[in-house]
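S.K.: Questions regarding the structure given below will be posed in turn.
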Amino acid sequence: MPIVTVLVLLASAGAHAAWNIRLKGAKDPEAAAMIAVIVPGVLAGAAAFVGWSAGVLSVSLFGLCLGVAAGLAELAYFVTLASAYAQAPISTVYPIVRGINPLIAICIGIGLLGERLVGLQPIGVLAIVAGLLIVRPPWAAQGGGMTRGALATALLAGLLSAVGSAIERVGTQEVGPVGFLALTWGVTGAAYFLVARHRGIPATTTPSLLATGLLIIGGHLLVMVALSVAPLSIVVPFRESAVLLVSGWGIVRAREVARPADVALRLAGAVCIVAGALLIALG
C-alpha cells in the first residue's frame, strides 16, 4: 500500500478517535450526534447540489442510489453508536464496534467484491477475535458496565459501519471521493434533521458540536479517499488503530475501570484488535 494512503488512514484514525471521545464526553451523546452531523451534512448536500447544477459533479442513477444507501447506513450507524455510548463505557463499546467492523468488511470484501485473504491476514482475523473476547467475554453477563442490550447495540453499530464502508468502496469509484462524500453526507444530514425534529431536539449547533461534526466529516473524507484507491479489506482494518487511542482515553482520562487487572485486560484486548487489523491491512 502506498505510503500516502497509509498517512491518510492514520490521519483518519486520529480524527475518528477525536470525535468519538468528544461524543462520549457529551451530556447526551444521542442528541450531540444529531446536532454535530446535521450542519456539516446539510452543507455537504448543498455543495453536492450546486456542483451537480453547475455540471462539475456528474452522478449516475447508480451513484445516486449508492449515495442514498450510504447516507442512510451512516444515519443508522450514528444512532446506534450514540445509543451504545449512552449505555456503556467507551473503553468497552469502541473496541467492540471497531473490532467487529473489519471482520464483517472482510466477509463483504471476499464474498461480494472478489477480494482474498493472503499472507498473515488469517492470523489477523484470529487476533481480532481474541481481542473481542478479551474486551467483552461472552460468558460475562454484564462485565465492565456492558449490559447485553449495550453489547447488541455496539455489535449492530459495527455491522452498520462495515456495510456503509462496503457501499462507499463502490461509490467512491463510481462518483469520486469528494463528490460521494458530499452526496452521502447530504443524505445523512437531511435525514438526521428530520429525526431531530421528530424527537423535538432543536437543530441548533454550538462551536464544540460544530468542531465534532467537522472532525467526523473530515475523517470520513480521508477514508473515502483511501477507499477510492485501496481494497476494502485493507482500508477498514488499517484505520482501526484508533482503538488504542480511544480505549486509552476511556481508561486513563475517564477512569472507566479501577482494578489493575481490568485495565490490563482492556488494553490487551485493544492491542490484539489493532495488531490483528494491521496484520490484515499489511498481509
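S.K.: Please determine whether any residue of segment 63-77 is free of Cβ contacts under 8 Å to residues at least 24 places away in the same chain and under 20 Å from the mean Cα position of the chain (by Cα). Talk me through it step by step, then tell me what you get.
M.R.: From segment 63-77, those free of Cβ contacts under 8 Å to residues at least 24 places away in the same chain are 65; that's our starting set.
The next check asks that each one be under 20 Å from the mean Cα position of the chain (by Cα); those that pass are none.
For segment 63-77, residues free of Cβ contacts under 8 Å to residues at least 24 places away in the same chain and under 20 Å from the mean Cα position of the chain (by Cα): absent.
S.K.: Which residue pairs have Cβ atoms closer than 7 Å, lie 6 or more positions apart in sequence or on different chains, and pair a first residue in segment 39-55 that is of a type in the set (S, T, N, Q) with a second residue that is part of a helix (DSSP H, G or I)?
M.R.: Pairs found: none.
S.K.: So, in segment 78-100, exactly how many residues are under 19 Å from Ala32 (Cβ atoms), among the β-branched types (Val, Ile, Thr) and either within 13 Å of the chain's Cα centre (by Cα) or surrounded by fewer than 20 Cβ atoms within 10 Å (Cβ to Cβ) (or both)?
M.R.: So the count comes out to 4.
S.K.: If you check every pair at least six apart or on different chains, which have Cβ atoms under 9 Å apart with a residue in segment 212-237 that is more than 15 Å from Ile104 (Cβ to Cβ) and part of a loop (DSSP other than H, G, I, E, B) first and a residue that is among the polar types (S, T, N, Q) and at pLDDT below 85 second?
M.R.: Val229/Thr5; Ala230/Thr5
S.K.: Here's another thing I want to ask about it. Inspect segment 176-183 for any residue being under 19 Å from Val42 (Cα atoms), within 16 Å of the chain's Cα centre (by Cα) and part of a helix (DSSP H, G or I) and give the result as yes or no.
M.R.: The answer is yes, given that some residue of segment 176-183 is under 19 Å from Val42 (Cα atoms), within 16 Å of the chain's Cα centre (by Cα) and part of a helix (DSSP H, G or I).
S.K.: Exactly one condition in (1) modelled with pLDDT of 85 or more; (2) among the polar types (S, T, N, Q); (3) closer than 24 Å to Leu227 by Cα is not met by Gln121; state its number.
M.R.: Here Gln121 clears every test but (1).
S.K.: So, Pro102, is that one under 25 Å from Gly14 (Cα atoms), modelled with pLDDT under 75 and part of a helix (DSSP H, G or I) or not? Break it down stepwise before answering.
M.R.: Values: under 25 Å from Gly14 (Cα atoms): yes; modelled with pLDDT under 75: yes; part of a helix (DSSP H, G or I): yes.
Judged against the criteria, Pro102 is a match.
The values are calculated or read from the model by the stated rules, or taken from the named source; none is laboratory data. Predicted, not measured: the structure shown is a model, and the values here were computed from it. With ideal geometry, Cβ positions are generated from the backbone for all residues, glycine too; neighbour counts draw on all protein chains shown.
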